[in-house]
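Everything below concerns the one structure shown next.
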Amino acid sequence: MPIIEVKHASKWIESGTEKIEILNDVNFCVDQGETVAILGASGSGKSTLLGILAGLDTPSAGEIEMDGQQVTLLDEDARAALRAQSVGFVFQNFFLVPGLSALENVMLPLQVLSQENIQDRALEYLTKVGLAHRIHHLPSQLSGVEQQRVALARAFVTQPKILFADEPTGNLDQHTGSQIIDLIFELNELMGTTLILVTHDLDLAQLCDRRLFLNNGTIAPALLKKELHSNA
Ligand SMILES: Nc1ncnc2c1ncn2[C@@H]1O[C@H](COP(=O)(O)OP(=O)(O)O)[C@@H](O)[C@H]1O
Ligand SMILES: [Mg+2]
């Protein structure tokens, strides 16, 4: 059974008399444990699609089913609960809480779920990402790659079924970016997470089981690797 089903999802924004179409009749399924890359030019709708899949945003039309639940029928509170329970996120800009230490940032999603042994679990995940020696640092006292390591610990600490990553290496150089990628795939395999990754990087996309190419808000038919390279 697919863990995510997208049926005829469209997104538009009305601005005065103008209707801006962002996504247009998007359809696909993702199986449990699959790793999927979403590729496409800047402005093609990748982040909008990811936000809708993750329940952070709603489609203007169509349905999203996640883990057997019709996300599009849930109210904001129910969607927030589903996100907290089943979903992890990693963003290009890390999005750590500036006033909290690395440890406190990783404890946060566990506090939301009212779980126990929160501090021990957060420490365990900071250790997994190689940051056991930086737990009391604030985000501003950490380098970009260290901040993204904290963000990965925060995303995986709840053991989510699905991890969404939106250009997770977009603010890193090639060397530190590849450390983050290795870590994402390592944690993903260890935990059997379903991974949906937005990227510009074709080599990175090749590491995933499957690639979806977004063009002007529409999923393009499957392309061969050769064609992908000439489209990038
Ligand atoms: N809230 C919004 N209001 C108006 N336009 C938007 C809004 N959000 C996204 N867009 C537009 O939708 C298109 C897709 O955006 P986005 O999903 O961020 O693309 P990508 O992540 O592929 O770069 C862009 O042209 C963007 O300007
Ligand atoms: Mg984007």
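Since every read-out is calculated from the coordinates, none of them should be taken as a lab result. Note that the structure is predicted; figures quoted are calculated from it, not measured. Cβ sites come from the backbone with ideal geometry, for glycine too, and all protein chains shown count toward neighbours.
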### Task
Averaging sequence separations of C-alpha pairs under 8 Å and six or more residues apart, then dividing by the length of the range 141-200, give the relative contact order as a whole percent.
44 percent
### Summary
Note on the chain, DSSP bridge orientation, antiparallel percent to nearest 5 equals 55 percent
### Query
In degrees between 0 and 90, to the nearest 10, how far off the longest principal axis of the chain does helix 102-112 point, with axes built from Cα atoms?
60 degrees
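Against the globular-protein guess of 2.2 N^0.38 Å, express the Cα radius of gyration of the range 74-221 as a ratio, rounded to two decimals.
1.05
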### Message
Run lengths n ≥ 4 of DSSP H only: what is the helix-derived mean residue ellipticity at 222 nm for the chain, with -39500 (n - 2.57) per run over all residues, to the nearest 500?
### Response
-10500 deg cm²/dmol
## Note on the structure
Summed over the other residues with a beta carbon less than 13 angstrom from that of G217, with K and R at +1 and D and E at -1, the charge totals +1
### Query
Going by average Cβ neighbours within 10 Å, how do the peptides 188-199, 206-217, 8-19, 72-83 rank, with the highest at the top?
188-199, 206-217, 72-83, 8-19
### Summary
With +1 on the Cβ of every Lys and Arg and -1 on the Cβ of every Asp and Glu, the dipole magnitude of the range 17-89 about its Cα centre, in debye rounded to the nearest 20, is 220 debye
### Positive-end residue, the chain charge dipole about Cα centroid, Cβ charges, pick of L103, I3, T48
L103
#### Entry: Local electrostatic count, L56, Cβ distance below 11 Å [Lys/Arg +1, Asp/Glu -1]
-1
## Note on the structure
Note, H200: beta-carbon cut-off 12 Å, +1 each Lys/Arg, -1 each Asp/Glu, net -3
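From Cα pairs below 8 angstrom and at least 6 apart in sequence, can you work out the relative contact order of the chain, rounded to a whole percent?
Relative CO of the chain lands at 28 percent.
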### Message
Taking the 0 to 90 degree range and rounding to the nearest ten, how far is the long axis of helix 118-128 tilted relative to the main principal axis of the chain, both from C-alpha atoms?
### Response
80 degrees
## Note on the structure
Heads up, the range 29-117 by the C-alpha gyration tensor (a ≥ b ≥ c square roots of eigenvalues; a/c under 1.5 rounded, else a/b over b/c prolate, else oblate) looks oblate
